[in-house]
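Colleague: Sending over a structure as structure tokens; questions will come in a sec.
The values are calculated or read from the model by the stated rules, or taken from the named source; none is laboratory data. Quantities reported herein were computed from a predicted structural model and do not represent experimental measurements. Here the Cβ is made from the backbone with ideal geometry for all residues, glycine too, and neighbour counts use every protein chain on show. Accessible surface is based on the protein model in full, side chains and every heavy atom, while ligands, DNA and RNA are left aside. Shrake-Rupley method; radii C 1.70, N 1.55, O 1.52, S 1.80 Å.
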Amino acid sequence: LDRILDDRALASALGANGRAFYARHYAWPVIERKYLDERRFAELLTQSFITRHKSNRELKTALINKRIPSGIIDEVLKEHYSEAEKEEILQFHIDKGIRKYPDKSSPKDYQKCIAYLMRKGFSYADFRDELLKYYRGVEEL
């Protein structure tokens, strides 16, 4: 600290570098571009939802609730939420549902697993065949 106080050239250079750093990273237009741009926000939320194994429907609902325009939602989902990720997330939730309701011969566990998956935003057609492989003896209701 004493060196900075004694050396005016060093103090001036550090001050200029500090102001430039602040302008590059913390000025309001930078903050708006990083965090307040609707498209950027939608992309960040999409990545967060994918990481947390959230379904496409849950993500779309969250984006709508955040008042993101539907055109941006469709573009971001198309770019960042691939079919492979959808399948991986669906399989994650099927496995989780089966762990929660493990009785293979129980129609009640089968129905609970269906309800769990539908609450997570998946349609019955998405998981029907995969679920029936596990709950083999359960009749369709």
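Colleague: For the range 85-92, indicate whether the set of residues that are surrounded by 10 or more Cβ atoms within 10 Å (Cβ to Cβ) and over 22 Å from residue 132 (Cβ atoms) is non-empty. Give the steps one after another, and end with the answer.
Modeller: Pass one, the range 85-92, residues surrounded by 10 or more Cβ atoms within 10 Å (Cβ to Cβ): 85-92.
Add one more test, that the residue is over 22 Å from residue 132 (Cβ atoms), and what stays is 85.
Yes, because at least one residue in the range 85-92 is surrounded by 10 or more Cβ atoms within 10 Å (Cβ to Cβ) and over 22 Å from residue 132 (Cβ atoms).
Colleague: So, one more: Being without any contact (Cβ under 8 Å) to a residue 24 or more places away in the chain, over 22 Å from the mean Cα position of the chain (by Cα) and exposed (fewer than 14 other Cβ atoms within 10 Å of the Cβ) narrows it down to one of 112, 104, 100, so name that one. Step through it out loud before you land on a result.
Modeller: Details: 112 fails: exposed (fewer than 14 other Cβ atoms within 10 Å of the Cβ); 104 fails: without any contact (Cβ under 8 Å) to a residue 24 or more places away in the chain.
On inspection, the qualifying residue turns out to be 100.
Colleague: For the list (1) in contact (Cβ under 8 Å) with a residue 12 or more places away in the chain; (2) over 20 Å from residue 118 (Cβ atoms); (3) open to solvent by 80 Å² or more (accessible area, probe 1.4 Å), I need the number of the one condition that residue 28 fails.
Modeller: Among (1) in contact (Cβ under 8 Å) with a residue 12 or more places away in the chain; (2) over 20 Å from residue 118 (Cβ atoms); (3) open to solvent by 80 Å² or more (accessible area, probe 1.4 Å), the lone unmet condition for residue 28 is (1).
Colleague: Sort out which residues of the range 42-61 are touching a Phe, Trp or Tyr at 6+ places or on another chain (Cβ under 7 Å) and either open to solvent by less than 40 Å² (accessible area, probe 1.4 Å) or of a type in the set (S, T, N, Q) (or both), and write them in order of number.
Modeller: 46, 50, 55, 56, 59
Colleague: Pairs under 8 Å by beta carbon, first residue hydrophobic (A, V, I, L, M, F, W, C) in the range 49-75, partner surrounded by fewer than 13 Cβ atoms within 10 Å (Cβ to Cβ), six or more apart or different chains?
Modeller: The qualifying pairs are 64/70; 73/64.
Colleague: May I pose another question? I need a count of the residues in the range 115-125 that are free of Cβ contacts under 8 Å to residues at least 60 places away in the same chain and open to solvent by less than 70 Å² (accessible area, probe 1.4 Å). Spell out how you get there, then give the answer.
Modeller: Initially, the range 115-125 is screened for residues free of Cβ contacts under 8 Å to residues at least 60 places away in the same chain, giving 115-119, 123-125.
Checking which are open to solvent by less than 70 Å² (accessible area, probe 1.4 Å) leaves us with 115-117, 123-124.
So the count comes out to 5.
Colleague: Still on this structure, I have one more. On the given criteria, is residue 66 surrounded by 13 or more Cβ atoms within 10 Å (Cβ to Cβ) and among the charged types (D, E, K, R)? Walk me through it before giving the result.
Modeller: Numbers: surrounded by 13 or more Cβ atoms within 10 Å (Cβ to Cβ): no; among the charged types (D, E, K, R): yes.
Against the criterion (surrounded by 13 or more Cβ atoms within 10 Å (Cβ to Cβ) and among the charged types (D, E, K, R)), residue 66 does not qualify.
Colleague: Sticking with this structure for a sec: Just the residues that are over 19 Å from residue 53 (Cα atoms) and of a type in the set (S, T, N, Q), please, taken from the range 92-132.
Modeller: 105, 106, 111
Colleague: Given the criteria among the basic types (Lys, Arg) and either surrounded by fewer than 11 Cβ atoms within 10 Å (Cβ to Cβ) or touching a Gly at 6+ places or on another chain (Cβ under 8 Å) (or both), does residue 39 qualify?
Modeller: Working: among the basic types (Lys, Arg): yes; either surrounded by fewer than 11 Cβ atoms within 10 Å (Cβ to Cβ) or touching a Gly at 6+ places or on another chain (Cβ under 8 Å) (or both): no.
It is false that residue 39 is among the basic types (Lys, Arg) and either surrounded by fewer than 11 Cβ atoms within 10 Å (Cβ to Cβ) or touching a Gly at 6+ places or on another chain (Cβ under 8 Å) (or both).
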